[in-house]
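Chemist: Sharing a structure below in structure tokens format, with a few things to ask.
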Amino acid sequence: VNSGCANACTGEQGLIDANEMAQLTAQELGIKQEEVFVSSTGIIGVTLPMDKIASGIKQAVQALDYNGSNEASKAIMTTDIYNKTVAYEFELGGKSVKIGGIAKGSGMIHPNMATMLCFITTDVAIEATLLQQALSKAIKKSFNMISVDGDTSTNDMVTLLANGMAENQKITTENDDYKVFEEAVLTICTDLAKLVARDGEGATKFLAVNVTGAKTFEDGKKIAMSVAKSPLVKTAFFGQDPNWGRIICAVGYAGAEMVPEKTTVALGDIAVYKNGTGCKFDEEALKEVMAEHDIAVNIDLGLGTESATVWTCDLSYEYVKINGEYHT
């Protein structure tokens, strides 16, 4: 894993460097080159400093440790404020099994995935096709449901590796054990995705945009994402301004079915829009909601039974500063 240089738009040299990273790692570990995953994030259009990379790979191999996950999660950070790591232990078929993951990501965050890397490992014994299926399903409701700034990236990846050392009865069908494992994968992906959104560049607020009463999940996601990526909505939350007009506007232009007279918007538990117009509310109570770090934006469309949640953050002066000076 290289952090700080994307190795994207670097032409033939970039491919040569990526292959060399894999070759050097395989050589140091005594494994096949095709068993090495290569991932990079950072500045686009700059070639990798291969002298530093080669030295770093050797140092990393020498420093390998069963308890090194926390250090690894710190090493892959770029503009992240804190490292992101989650782990769980649970029972599967009478065996104690584990799943853990590390991730990095703070800016250029928007589906499909973003400038983020995530590495998940488990000791569960499971068929590779089912492992992929569980991960793909989890991604749709976790990493593809966050937005920091509405910008996607050239570089992102999530890997899920299973070594079978828990010695549970190998999962080869979509049985009860598979369902438990699938839920664990979704949980860890969701937790890591929330940490990425919470650590958005310059963020002072963590926002959960909850859409209920949608006709389809896709409609709910469109509306939640429309609100979550609106610069006007995000700056309003930074200024602690309960400007619900910006929210209902983003709901309306999302491109999903909504009926203004059936839609309700609440900030926390306080309704601010209902029956096609603004509500009367306790201004002091709403001020307290807007002053919180974690705020729920609850939107009920009143049209169906489907729901969707997108996690995001506000847009601050610090975000502009970080990205205005990113390259220089």
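Chemist: Once the convex hull of the C-alpha atoms of the stretch 191-232 is built, how many Å³ does it hold per residue, rounded to a whole number?
Modeler: Values: hull volume 3.6 nm³, N = 42.
Output value, Cα hull per residue: 85 Å³.
Chemist: While we're on this one: Choose one answer from Ile16, Ile223, Ile44: the residue with the largest mean-square fluctuation in a GNM of the chain with alpha-carbon springs under 10 Å.
Modeler: Ile16
Chemist: Tally the DSSP beta bridges in the chain and give the antiparallel ones as a percent, rounded to 5.
Modeler: The antiparallel fraction comes to roughly 60 percent.
Chemist: Stretched out fully, how many nm does the piece from Asp282 to Tyr317 gain, at 0.36 nm a residue minus the Cα gap?
Modeler: 9.7 nm
Chemist: Label the stretch 195-283 by shape, choosing from rounded, prolate and oblate, from the square roots a ≥ b ≥ c of the eigenvalues of the Cα gyration tensor; if a/c is under 1.5 it is rounded, and otherwise prolate applies when a/b is larger than b/c, oblate when it is not.
Modeler: Details: a/c = 1.91, a/b = 1.19, b/c = 1.61.
Oblate, since a/c reaches 1.5 and b/c is not below a/b.
Chemist: What fraction of the DSSP beta bridges in the stretch 1-118 is antiparallel, stated in percent and rounded to the nearest 5? Can you show the working numbers first?
Modeler: Details: 12 of 16 bridges.
Given both bridge residues lie in the stretch 1-118, the antiparallel proportion sits at roughly 75 percent.
Chemist: Per residue, how much accessible area does the stretch 156-236 show when a 1.4 Å probe rolls over the protein heavy atoms, in square angstrom?
Modeler: Result: 41 Å² per residue.
Chemist: Further question on the same structure: Heavy atoms only, 1.4 Å probe, whole protein assembly: order Val1, Val272 by accessible area, highest first.
Modeler: I get Val1, Val272, largest accessible area first.
Chemist: Another question, then. Of all accessible surface on the chain at a 1.4 Å probe, what whole percent is carbon and sulfur?
Modeler: 51 percent
Chemist: Quick check on the stretch 1-160: take the gyration tensor over C-alpha atoms, sort the square-rooted eigenvalues as a ≥ b ≥ c, and tell me if it's rounded (a/c under 1.5), prolate or oblate.
Modeler: In terms of gyration-tensor shape, oblate.
Chemist: Starting at the first residue of the stretch 171-183, write each ³J(HN,Hα) from the Karplus equation 6.51 cos²θ - 1.76 cosθ + 1.60 with θ = phi - 60°, in whole Hz, x for Gly and Pro.
Modeler: Each residue's phi maps through the Karplus curve to give 7, 10, 9, 7, 8, 4, 4, 4, 4, 5, 5, 4, 5 Hz.
Chemist: Mind listing the long-range amide H neighbours of Leu92? Cut-off is under 5 Å, sequence gap 5 or more, other chains count too, H placed in the peptide plane at 1.01 Å from N.
Modeler: Val97
Chemist: Compare Glu218, Glu257, Glu28 in a GNM of the chain, Cα atoms joined below 10 Å, and give the one with the largest fluctuation.
Modeler: Result for the chain, Cα springs under 10 Å: Glu28 fluctuates most.
Chemist: Also, quick follow-up: ³J(HN,Hα) across the stretch 156-170 via Karplus (A = 6.51, B = -1.76, C = 1.60, θ = phi - 60°), whole Hz, x for Gly/Pro?
Modeler: Per-residue couplings from phi come out as 6, 6, 10, 10, 10, 10, 10, 10, x, 6, 6, 6, 5, 4, 4 Hz.
Chemist: Would you work out which of Thr187, Pro242, Met258 lies farthest towards the positive end of the dipole of the chain, given +1 charges on the beta-carbon of Lys and Arg and -1 on that of Asp and Glu, about the Cα centre?
Modeler: Met258
Chemist: Quick one: work out the % antiparallel among DSSP beta bridges in the stretch 163-312, nearest 5.
Modeler: Numbers: 15 of 22 bridges.
If we restrict to bridges inside the stretch 163-312, about 70 percent are antiparallel.
Chemist: What is the set of long-range amide H partners of Ile44 at a cut-off below 5 Å, with H atoms built 1.01 Å from backbone N?
Modeler: Result for Ile44 returns Ala6.
Chemist: Got a sec to turn the phi values of the stretch 46-51 into Karplus ³J(HN,Hα) couplings, 6.51 cos²θ - 1.76 cosθ + 1.60 with θ = phi - 60°, whole Hz, x for Gly and Pro?
Modeler: 10, 6, 5, x, 5, 5
Chemist: Go ahead and run the numbers for FRET between Glu71 and Ile31, Cβ-Cβ distance against an R0 of 22 Å, rounding to 0.05.
Modeler: 0.55
Chemist: Can you give the relative contact order of the chain as a percent, counting alpha carbon pairs under 8 Å and 6+ residues apart?
Modeler: Here the relative contact order equals 16 percent.
Chemist: For Lys74, go through the lysines and keep the ones whose alpha-carbon is under 19 Å away, minus same-chain ones fewer than eight residues off.
Modeler: Qualifying lysines at Cα under 19 Å: Lys52, Lys58, Lys84, Lys104, Lys194.
Chemist: Counting only helical runs of four or more DSSP H residues, what would the 222 nm mean residue ellipticity of the chain come to if each run contributes -39,500 (n - 2.57) and the total is spread over all its residues?
Modeler: Value at 222 nm, helices only: -11500 deg cm²/dmol.
Chemist: Could I ask something else about it? Residues with amide H under 5 Å of Asn168's amide H, sequence separation 5 or more or different chain, H placed in the peptide plane at 1.01 Å from N; which?
Modeler: When sequence neighbours closer than 5 places are left aside, the close amide H contacts are Ala125.
The values are calculated or read from the model by the stated rules, or taken from the named source; none is laboratory data. Not measured: the values here are computed from a predicted model. Cβ: placed from backbone, ideal geometry, glycine included. Neighbour counts: every protein chain shown. Surface accessibility is based on the protein's heavy atoms, side chains included, excluding ligands, DNA and RNA. Shrake-Rupley method; radii C 1.70, N 1.55, O 1.52, S 1.80 Å.
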